[in-house]
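The values are calculated or read from the model by the stated rules, or taken from the named source; none is laboratory data. Every value quoted in this text rests on a predicted model; they were computed, and no experiment measured them. For neighbour counting, all protein chains shown are included, and Cβ atoms are generated from backbone atoms with ideal geometry for every residue, glycine included. For the accessible areas, the whole protein counts, side chains as well, though only heavy atoms, and no ligand, DNA or RNA atoms are used. Shrake-Rupley method; radii C 1.70, N 1.55, O 1.52, S 1.80 Å.
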Amino acid sequence: AAFNLSIDAKAPLVVNSVNPEMTVDGGFIRIYLSGNVSAEAAKPFVTIDPVTDFTLEEQYSSLLVRGRFRPDSTVTVTIAKGMPSLSGSVLEREFSTKVRFGDLPPSIGFTSRGAFLPKGGNGLMEFKTTNIDEVAVEIEQVFANNLVYFLTSGYGDQRGYYGRSGPLGRSLLVKHKVIEGTKNEPRLTTVDVKGIVGDSAKGIFQVAVRDKGQRWISDSRYAMITDIGISARLSEDYL
């Protein structure tokens, strides 16, 4: 017996879109394709103008182009015809488009994870902001009788919308501070924790910095002001 069998030709590879994306660490380009492509095989077919070094990463049916792309800039992305997909189809015609990067998203972050501030030191905590015009600085003191619960429960690592010590402490300061700087350039600022709480104060303090208008853009640390170099805990059967 004879049968007629029809086999459809492979659909060509198509570039669906090319989009810029910005993160606090910089910009990258996402190329959406109609099929999966090997980054290694695709690299010779992709060019960036102005010329810049870049790497390609595979992510499902898209390619991520990572390079030194600056905010508020424009580049031209060109993908030459012949770029192969993993299924064997190829890009049948050249694709070229301009990509414009926007500004970096607003961000706030402390530059150090350190929690100890020696009483004899300057008592400063440094934070970095990008595209933030004004911040709210909030300092709360944790009551001494709540320190064990605060440290062992993970309460101090929670990042809430409002102050986080709640019933565990009291608010010492809420102050707004204007941040002056150039757009898209990080700015370093310090909080004088020791100066705010006073020379006689010691213990654990919650320090939070938030965008004045968008409070969810924030970072926080707890700081221990102490003149003790070693901390020990004594229990019934261990030290």
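A few remarks follow.
- Exposure ranking of 52, 130 by accessible area [1.4 Å probe, largest first]: 52, 130
- Sparsely packed trypsin sites (Lys or Arg not before Pro) within segment 52-141, loop by DSSP, other Cβ within 10 Å at most 10: 113
- In straight-distance terms, cross-link reach from residue 128 covers every one of the aspartates and glutamates whose alpha-carbon lies under 15 Å from its own, apart from those fewer than eight places away in the same chain; here that gives 25, 180, 185, 192, 211, 219.
- Computed lengthening from residue 177 to residue 55, 0.36 nm per intervening residue step minus Cα-Cα distance: 40.0 nm
- Estimated FRET transfer efficiency (residue 134, residue 112; beta-carbon r; R0 22 Å; 0.05): 0.45
- Semi-axes of the equivalent ellipsoid for segment 1-120, Cα gyration tensor, largest first, Å: 41, 18, 11
- Ranked by solvent-accessible area (1.4 Å probe, protein heavy atoms only, all chains present), the residues 83, 22 order from largest to smallest as 22, 83.
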